[in-house]
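To keep things clear, I will list the structure first and then write my remarks on it.
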Amino acid sequence: MTQQSHQTATTQFVDANGVRFAYRRFGKAAGVPLVFNQHFTGTMDHWDPAVIDGLAKDREVILFNNAGVSSSSGDVPTSIEKMGANAVAFIKALKLTKVDVLGFSIGGFVAQEIVLQAPGLVRRLVLVGTGPRGGEGMATLTPEAQEIFGAAYDEPDHLWLRVHFTKSEKGQTAGREFLRRFRLRSENRDPEVDGKVAPAQIEAIGKWGSPQDKPFEYLKTIHQPTLVVNGGKDVIVYSVNSFILQQHLPNAQLILYPDANHGSQYQYPTRFVRHVSQFLSEEDV
């Protein structure tokens, strides 16, 4: 396992909940594995190698595609709760009894559901560029997100320059460096998602983000130590939602990176790896 990397890790498959889940598992096979939950329309190959390989130096990392996404079978559920149930089934199918969970964007919604549905399974939680049920501007894709995802791009990958990075010179420079890393894996890449994925995920996002009575009460039941990370200028899931998470989770700390949009962890990969590694290595008290 330790000899593989984001670029070379073999795609494996496991069956659970009627789904054949595609996953990659590598890194230092010691301690509690870290399970990653991906963003809107993303696959295993949309993670940043600098982040994944950086974290894999000290722990085992597990990337996977949830149901209906890319190389996994089945249909994409139209609720976050069902996505969470699939993720729990996937983790249990690997015979794991304790994991740390990282969720990015919609993957952060799913990560919260994993903890809610199987609290004994999760040791620590990392929530990146995400928000709570009924958060601010979360009932639909934000106006900025609708414009970004609806625009045409000469190079398809340039979409991610706008999704993940600010328009500043510093932000766009970091974005171009990310795109270079993004394509480092040239063989056995995940297929891009089909046309059914985005509408199903958008429907699930709408249900999760719609206004609710006392929407943040459920967060009080999540007692796992939690690290909340975002850019201070996130236009995809507004940054205020990270503050809401930190305020309502009983044991959460918040980091906002400067001049950073939705993909703050990709703009500051070294800093992010250091912060997450420190958080995951802390003694439970």
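For D190, are the conditions met, namely being modelled with pLDDT of 95 or more, under 30 Å from Q12 (Cβ atoms) and in contact with a strand residue (DSSP E or B) (Cβ under 8 Å, 6 or more places away or on another chain)? Steps first, answer last, please.
Values: modelled with pLDDT of 95 or more: yes; under 30 Å from Q12 (Cβ atoms): yes; in contact with a strand residue (DSSP E or B) (Cβ under 8 Å, 6 or more places away or on another chain): yes.
The answer is yes for D190.
If we scan the stretch 212-224, do we find a residue that is buried (at least 19 other Cβ atoms within 10 Å of the Cβ) and either within 17 Å of the chain's Cα centre (by Cα) or small (G, A, S) (or both)? Lay out the reasoning, then the answer.
Within the stretch 212-224, the subset buried (at least 19 other Cβ atoms within 10 Å of the Cβ) is 219, 222.
If we keep only those that are either within 17 Å of the chain's Cα centre (by Cα) or small (G, A, S) (or both) too, we end up with none.
Checked against the condition, which is being buried (at least 19 other Cβ atoms within 10 Å of the Cβ) and either within 17 Å of the chain's Cα centre (by Cα) or small (G, A, S) (or both), the stretch 212-224 yields no hits at all.
Please tell me if V14 is part of a loop (DSSP other than H, G, I, E, B) and at pLDDT 95 or above. Outline the logic, then answer.
Working: part of a loop (DSSP other than H, G, I, E, B): no; at pLDDT 95 or above: yes.
No: the conditions fail for V14.
Taking the stretch 98-121 as the search range and keeping residues that are touching a residue at least 60 places away in the same chain (Cβ under 8 Å) and more than 12 Å from N37 (Cβ to Cβ), which one is surrounded by the most Cβ atoms within 10 Å (Cβ to Cβ)?
L116
Given the conditions (1) surrounded by 12 or more Cβ atoms within 10 Å (Cβ to Cβ); (2) part of a helix (DSSP H, G or I), and given that V193 satisfies all but one, which numbered condition is not satisfied?
Here V193 meets the rest and fails (2).
Name every residue in the stretch 7-39 that is aromatic (F, W, Y), surrounded by 14 or more Cβ atoms within 10 Å (Cβ to Cβ) and closer than 22 Å to S186 by Cβ, in order of residue number.
In the first step, residues of the stretch 7-39 are kept if they are aromatic (F, W, Y); the result is 13, 21, 23, 26, 36.
Keeping just the survivors that are surrounded by 14 or more Cβ atoms within 10 Å (Cβ to Cβ) gives 21, 23, 26, 36.
Matches in the stretch 7-39: Y23, F26, F36.
Table: residues versus (1) in contact with a Lys or Arg (Cβ under 7 Å, 6 or more places away or on another chain); (2) assigned to a loop (DSSP other than H, G, I, E, B); (3) closer than 15 Å to Y266 by Cβ; (4) of a type in the set (D, E).
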position	(1), (2), (3), (4)
K95	no, yes, no, no
R124	no, no, no, no
L141	no, yes, no, no
D154	no, yes, no, yes
L161	no, no, yes, no
G171	no, no, yes, no
G175	no, no, yes, no
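Sort out which residues of the stretch 65-97 are under 16 Å from R25 (Cβ atoms), in contact with an Asp or Glu (Cβ under 9 Å, 6 or more places away or on another chain) and in contact (Cβ under 8 Å) with a residue 60 or more places away in the chain, and write them in order of number.
Scanning the stretch 65-97 gives N65, S71, A93.
If we scan the stretch 83-91, do we find a residue that is on the phi < 0 side of the Ramachandran plot, among the aromatic types (F, W, Y) and assigned to a strand (DSSP E or B)? Even if it seems obvious, please write down each step before you answer.
From the stretch 83-91, those on the phi < 0 side of the Ramachandran plot are 83-91; that's our starting set.
With among the aromatic types (F, W, Y) added as a condition, the list becomes 90.
After this cut, where a residue has to be assigned to a strand (DSSP E or B) as well, the list is none.
Among the residues of the stretch 83-91, not one is on the phi < 0 side of the Ramachandran plot, among the aromatic types (F, W, Y) and assigned to a strand (DSSP E or B), which makes the answer no.
Looking at (1) within 23 Å of V240 (Cα to Cα); (2) without any contact (Cβ under 8 Å) to a residue 40 or more places away in the chain; (3) not charged (D, E, K, R), which one does G135 not meet, given that it meets all the others?
G135 satisfies every listed condition except (2).
The values are calculated or read from the model by the stated rules, or taken from the named source; none is laboratory data. Predicted, not measured: the structure shown is a model, and the values here were computed from it. Note that we place each Cβ from the backbone using ideal geometry, even for glycine, and neighbour counts take in every protein chain shown.
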